[in-house]
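A short worksheet on the structure shown next.
The values are calculated or read from the model by the stated rules, or taken from the named source; none is laboratory data. Keep in mind the model is a prediction, meaning the values are calculated, not measured. Cβ atoms come from the backbone with ideal geometry, glycine included; neighbour counts cover every protein chain shown. With ligands, DNA and RNA removed, areas are computed over all heavy atoms of the protein, side chains included. Shrake-Rupley method; radii C 1.70, N 1.55, O 1.52, S 1.80 Å.
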Amino acid sequence: MSSTQELLKEAGASSDPKRAEALYKEILASPSSKHASTEEKEAELRHQEAALVKLGELYRDQNNAQGIAEVINLSRGFVSSIAKAKTAKLIRTLLDCFNSIPNSQKIQMGVLHENIEWAKREKRIFLKHSLETRLVGLQLDTQQYKPALALIETLLTELKRLDDKMVLTEVHLLESRVYRGVGNLAKAKAALTSARTAANSIYCPPHLQARLDLQSGILHAEDKDYTTAYSYFYETFENLSTQDDPSALGALKYMLLCKVMLNLPEDVTSLLSIKLASKYAQLRDVESMRAIARAHQKRNLADFEKALKDYQQELSSDPTIRTHLSALYDTLLEQNLLRIVEPYSVVEIEYIAQQVGQGRQAVELKLSQMILDKIFHGVLDQGRGCLLIFEEPQADRTYGAAIDTLEQVGKVVDSLYAKSGKLGFNSRSLSNCA
């Protein structure tokens with residue numbers, strides 16, 4: 001057994017993180033013997049590669065983002081002696097160690113920038129594209145939309161030249177998500193169409209297909225087409241559930257959201273009873289959507305607000321759910337206000353605010369918005385603190401009928417003028433013949 005193999009085994013068995021860290025660093029620092037055979041050198045490289053990954057995992061378990069960054073920088077000297085495909089896999093594995101560390105995006109982006117520059121110098125084009133794609137994903141997560149779009153534009157130019165359909169699909173998908181983040185839905189849809197076109201010409205892995213379906217569902221939901229959105233979310237959920245992917249839970253929450261937005265909150269319970277969804281039914285994320293569905297079914301604004309408060313983390317962390325629940329809250333508030341003011345011709349604003357359990361200023365603002373949107377006809381009398389409600393005015397059709405009559409008269413006059421012209425021509429022709 002070689003010395004590096006012994007050190008690797010000892011480090012793996014050690015319960016002391018400091019000792020294990022020292023052993024892994026010793027393995028990485030040990031030079032290969034000049035007199036070693038090819039097989040021995042390859043074994044040494046494998047042990048060093050394993051030490052790099054184990055050291056990265058050790059730092060990950062300690063939430064040491066800076067340590068992982070140092071391991072990745074340390075790996076550059078090592079990767080020059082192994083195959084390029086293996087290099088990309090090793091660096092991706094080390095970068096994945098950042099995923100479970102909270103608030104590590106800044107360090108990760110710094111590491112990516114350094115390694116992208118290194119890949120450019122070493123002319124490792126495919127590794128550069130892989131790192132740049134990951135960087136775009138991080139910029140999207142941190143809402144740095146402008147640099148993300150600039151990098152996407154450069155990436156797309158290079159990828160189209162190389163005709164790398166797989167990475168091209170991923171980049172177009174990221175482009176769609178970025179444009180959706182800035183609110184440009186037209187370009188988001190165009191980018192998603194490009195992603196699907198590229199994906200159709202290759203074998204699309206199930207996980208990538210699920211991400212495409214998820215983005216399709218999100219964009220349809222933005223257009224208020226919740227029925228189509230639900231079908232895409234169901235495809236995503238089914239795909240990810242069969243792979244035991246934890247992100248399947250997000251797709252299930254979107255499915256429940258669609259049912260609520262379609263005014264079918266009673267379907268939430270039946271949906272959670274299907275085989276694939278039953279294992280998620282007791283999770284807090286799912287319980288949050290169940291609470292929203294119950295509040296919506298009762299048209300109870302107080303219960304809705306309580307659900308938003310009790311499950312703030314589960315409902316507010318996702319921008320898609322947050323946006324649609326905000327719209328749903330406005331709809332519920334409007335319905336409650338209409339129900340309260342409907343029997344009255346004059347009603348105090350203070351009374352309305354008490355009935356809906358909202359502040360007077362917020363209610364006054366919402367009522368004025370509803371009047372401007374012509375949801376009902378009325379006026380706010382701020383001097384008396386009252387809302388005056390009018391019957392819907394009947395449209396006066398007199399002017400429209402008069403204009404229609406004049407148009408018809410105009411047509412008759414034009415027709416008579418054309419006939420008189422023909423009669424005049426015929427009379428001149430008869431006189432000439434005579």
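Miscellaneous remarks
- Out of Glu26, Glu49, one residue alone is in a helix (DSSP H, G or I), modelled with pLDDT of 75 or more and within 23 Å of Phe126 (Cβ to Cβ). It is Glu49.
- Residue in the range 326-341 that is modelled with pLDDT of 90 or more and buried (at least 20 other Cβ atoms within 10 Å of the Cβ) present: no
- Against the criterion of being under 30 Å from Asp61 (Cβ atoms), surrounded by 17 or more Cβ atoms within 10 Å (Cβ to Cβ) and not small (Gly, Ala, Ser), Asn103 does not qualify.
- Residue match in the range 157-165 (condition: farther than 25 Å from Ala50 by Cα, in a helix (DSSP H, G or I) and in contact with a helix residue (DSSP H, G or I) (Cβ under 6 Å, 6 or more places away or on another chain)): yes
- Within the range 304-319, if we keep just the residues that are part of a helix (DSSP H, G or I) and either touching a Leu at 6+ places or on another chain (Cβ under 8 Å) or small (Gly, Ala, Ser) (or both), the residue that is nearest to Ile375 (Cα to Cα) turns out to be Phe304.
- Pairs linking a residue in the range 50-67 that is surrounded by 19 or more Cβ atoms within 10 Å (Cβ to Cβ) to a residue that is assigned to a loop (DSSP other than H, G, I, E, B), with Cβ atoms under 7 Å and 6 or more positions apart or on different chains, are Gly56/Cys97; Tyr59/Cys97; Arg60/Cys97; Arg60/Ser100; Arg60/Ile101; Ala65/Phe98; Ala65/Ile101; Ala65/Ser104.
- Failed item in (1) open to solvent by less than 60 Å² (accessible area, probe 1.4 Å); (2) at pLDDT 90 or above; (3) not charged (D, E, K, R), with His113 passing the rest: (1)
- Criterion violated by Lys224 - all others in (1) in a helix (DSSP H, G or I); (2) under 29 Å from Gln335 (Cα atoms) satisfied: (1)
- Pick from the range 85-110, criterion in contact with a Leu (Cβ under 7 Å, 6 or more places away or on another chain) and more than 23 Å from Ala29 (Cβ to Cβ), ranking: modelled with the lowest pLDDT: Ala88
- Of the criteria (1) assigned by the TED database to the domain that holds Ile218; (2) open to solvent by 60 Å² or more (accessible area, probe 1.4 Å), which one Glu348 fails: (1)
- Pairs, first assigned by the TED database to the domain that holds Ile292 in the range 255-280, second open to solvent by less than 20 Å² (accessible area, probe 1.4 Å) and not in a helix (DSSP H, G or I), C-beta under 8 Å, six or more apart: Leu256/Leu272; Lys259/Pro265; Leu272/Ala281; Ser273/Ala281; Ser278/Leu272; Tyr280/Leu272
- Among the residues listed as Ala291, Ala277, the single one being open to solvent by less than 10 Å² (accessible area, probe 1.4 Å) and out of contact with any Cys (no Cβ under 8 Å at 6 or more places or on another chain): Ala277
- The residue list His207, His129 contains one member that is modelled with pLDDT under 95, loosely packed, with under 15 Cβ neighbours inside 10 Å and part of a helix (DSSP H, G or I), which is His207.
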